[in-house]
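Asks: Submitted below is the structure of interest, expressed as structure tokens.
Computed from the coordinates by the stated procedures, all read-outs in this text should not be read as laboratory data. Not measured: the values here are computed from a predicted model. As a convention, Cβ positions derive from the backbone with ideal geometry for all residues, glycine included, and neighbour counts pool all protein chains shown.
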Amino acid sequence: MTRLHEVAAGLLVATSRTDALNSVVIIGQDGAALLVDPGWQQDELDDLTAELTARSLTPVAGFATHAHYDHVLWHPDFGEVPRWASPDSVRIAGSHREEILEALGPDFRPEVLSLVGRLSVLPGLDIPWLGPEVGVILHDAHIVGHSALWVAELGVLVTGDMLSDVELPLPDDSPGALGAYRAGLGALAPYASIARFVIPGHGSVTSDGSARVAADLAYLDDLDAGRESTDARLANSGMAEVHAANLRLA
Ligand SMILES: [Zn+2]
């Protein structure tokens, strides 16, 4: 993991060597830290705990943007604090726990695996903590119950597995998934357009959120119209398979 670096005042990001997963740390009062999607590999989680300690930051809450295996990790040293998620994310993380553990594979210590997906339903759409106000934007693109976070004070939008510059849109395989994906982009667009920083779950941070929205809409338009896509992300690892699945869905 590259070390935590400051993206905005009071907001740190560390990027995993695996699929460029971004772990987000939002700093509140008196060294309180809100951890969003901390991951991914065992040594990277270990490094993250060490870095938080070195910076005198104490996790007081977590948030999982959605119920996929790379977004529901935790480390014992982060402590027993509430790990919030949407109602659907909590439900899916519970009902699919075996699949999630299988997807993570054998490279995690048992005490870390025992904490995977242990989420609590966020009451309402604001994370209760002593820090900048963090609002949840709920939608069903990528997976039902997906949540983005809007930190108005910092002008930061944390998007989970949306608005990536390395991954194509990844709708789930339900019949209405492409429509749900457009609806999700519609929910994010107003925030993306004013965000100073958009932090995707995978890939690089951008100050041009509208360009990310436009790229995803153009990709979906090509799918719907049966046109060949010229999206540069097609060349990235694993994206040919994603594109083939998206063509079947369309
Ligand atoms: Zn992911």
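Asks: Could you check the stretch 127-148 and list, in sequence order, the residues that are of a type outside the set (Val, Ile, Thr) and under 11 Å from ALA85 (Cα atoms)?
Replies: Of everything in the stretch 127-148, those that are of a type outside the set (Val, Ile, Thr) and under 11 Å from ALA85 (Cα atoms) turn out to be LEU138, GLY145, HIS146, SER147, ALA148.
Asks: Still on this structure, please answer the following. Out of (1) away from the ligand (no atom under 16 Å from the Cβ); (2) within 30 Å of ASN236 (Cα to Cα), the odd one out for GLN29 is which?
Replies: Exception for GLN29: condition (2).
Asks: Hey, another quick one. In the stretch 1-26, which residue that is β-branched (Val, Ile, Thr) and more than 16 Å from the ligand (Cβ to nearest atom) is surrounded by the most Cβ atoms within 10 Å (Cβ to Cβ)?
Replies: Among them, the one singled out is ILE26.
Asks: Can you confirm whether the stretch 65-78 contains a residue that is surrounded by fewer than 22 Cβ atoms within 10 Å (Cβ to Cβ) and within 16 Å of the ligand (Cβ to nearest atom)?
Replies: Yes; the residues of the stretch 65-78 include at least one that is surrounded by fewer than 22 Cβ atoms within 10 Å (Cβ to Cβ) and within 16 Å of the ligand (Cβ to nearest atom).
Asks: Further, regarding this structure: Among the residues of the stretch 32-57 satisfying the criterion of being acidic (Asp, Glu) and within 15 Å of the ligand (Cβ to nearest atom), which is farthest from the chain's Cα centre (by Cα)?
Replies: Among those residues, the one meeting the criterion is GLU44.
Asks: Would you please list the contacts, defined by Cβ atoms under 9 Å and residues six or more apart or on different chains, that run from a residue in the stretch 41-61 that is within 14 Å of ARG109 (Cα to Cα) to a residue that is assigned to a helix (DSSP H, G or I)?
Replies: The qualifying pairs are GLN42/VAL112; LEU45/ASP77; LEU45/PHE78; LEU45/VAL112; ASP46/ASP77.
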